[in-house]
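Below is one structure, written out as structure tokens; comments come after it.
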Amino acid sequence: MDIVEEARKLAKEMSEKYGDWPSFESTEHIVKKGQELAQKLNVDEKIVIVSCYLIDTGLGKAVKEGKIKEHIKFSLEIANRFLDNFDLSKEDKEKIINSIAAHHGKIGHNSIESEIVKNADNFRFLDPSKIARGIYKGGIKYKMGFKETIELLKNKVEEKYNLVTLDICKEEAEKNYRVIKEFLNRVNI
């Protein structure tokens with residue numbers, strides 16, 4: 001069994017089960033950024049990719065149960081059960097688990113792979129091409145008002161920008177942050 005492919009299948013299954021929370025497209029965006037950073041920093045791509053697929057597997061359940069702040073806990077439960085099916089070293093399993101636990105910056109990283117995962121996740125809200133999808137999802141799919149959607153996106157962009165820690169991400173994050181903030185300020189009614 002290929003752990004990367006199985007993690008991908010699990011992430012897709014969880015997204016579909018809970019009505020696109022998170023969207024699988026969003027997960028693939030995180031994976032792509034994580035893989036790019038892993039290659040640039042010459043670290044274990046497999047650990048980064050698997051972690052990126054698993055970080056939000058509990059988000060849909062958390063949203064459904066009205067416990068969004070517990071999505072990391074739910075994701076960790078799912079990830080631990082998933083990882084038990086694979087012959088991983090203790091160190092690799094700890095890196096993946098820490099990547100999930102630390103991806104919102106509330107606890108520290110135990111590896112560069114974990115820091116990469118957090119930074120890749122941040123770029124979900126720091127990519128100008130993803131902002132239109134955010135407006136669509138907030139306004140149409142989740143029936144939020146336009147102004148409420150814009151405010152939510154502004155807050156998420158600010159939060160994620162402040163969580164970027166890798167030097168190789170900071171220049172791109174800064175440029176994207178300025179473009180997105182200008183756009184959101186201009187469309188705000």
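The values are calculated or read from the model by the stated rules, or taken from the named source; none is laboratory data. Since this is a predicted model, take the numbers as computed values, not measurements. Reconstructed Cβ throughout: ideal geometry from the backbone, glycine too, with neighbour counts over all protein chains shown.
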Selection count, segment 106-121, where residues are farther than 12 Å from Ile47 by Cβ and surrounded by fewer than 18 Cβ atoms within 10 Å (Cβ to Cβ): 3
Identity of the residue in segment 36-57, within 12 Å of the chain's Cα centre (by Cα) and outside any helix (DSSP H, G or I), that ends up farthest from Ser15 (Cα to Cα): Ile55
Positions within segment 1-22 being touching a residue at least 40 places away in the same chain (Cβ under 8 Å), surrounded by fewer than 18 Cβ atoms within 10 Å (Cβ to Cβ) and not hydrophobic (A, V, I, L, M, F, W, C), in sequence order: Glu6, Lys17, Tyr18, Gly19, Asp20
Spans of helices (runs of 4 or more DSSP H) in segment 62-153 with at least 1 residues of a type in the set (S, T, N, Q) and farther than 20 Å from Leu37 by Cα: 71-83
Filter result for Ile97 (farther than 23 Å from Leu10 by Cβ and surrounded by 13 or more Cβ atoms within 10 Å (Cβ to Cβ)): no
Qualifying residue in segment 76-85 (condition: touching a residue at least 24 places away in the same chain (Cβ under 8 Å) and buried (at least 21 other Cβ atoms within 10 Å of the Cβ)): yes
Matching residues, segment 43-72, being more than 22 Å from Asn119 (Cβ to Cβ) and at pLDDT 95 or above: none
